[in-house]
Amino acid sequence: MDYVSALLPPFVMAVLFISVIRVIVKTQGGPNKAKEDAVVDAALARAENARQAGDRDSRGPGA
């Protein structure tokens with residue numbers, strides 16, 4: 001009976017890991033992919049604009 005209690009935690013973790021991987025694979029692409037990509041692109045553009053504005057401000061007026 002000790003072998004059952006020794007094998008149960010790794011088996012449960014393996015099942016949970018496989019389940020997580022399956023969910024990740026199933027949710028890739030699909031109808032929401034374009035919307036998700038647009039959100040990421042907008043966030044990257046905002047970050048880039050903020051970085052460039054910070055670079056301009058840090059150089060000062062005489063640069």
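So which residues in segment 19-37 are at pLDDT 90 or above and open to solvent by less than 100 Å² (accessible area, probe 1.4 Å), if there are any at all? Walk me through how you get there before you give the answer.
Taking segment 19-37 and keeping what is at pLDDT 90 or above, we get 19-23.
Within segment 19-37, Ser19, Val20, Ile21, Val23 meet the criteria.
Considering Pro9, Pro61, the condition of being modelled with pLDDT under 95 and open to solvent by 80 Å² or more (accessible area, probe 1.4 Å) is satisfied by Pro61 alone.
The values are calculated or read from the model by the stated rules, or taken from the named source; none is laboratory data. Since we're looking at a predicted model, the values are computed, not measured. Each accessible area value is taken on the protein alone, full model and side chains, heavy atoms only, with ligands, DNA and RNA left out. Shrake-Rupley method; radii C 1.70, N 1.55, O 1.52, S 1.80 Å.
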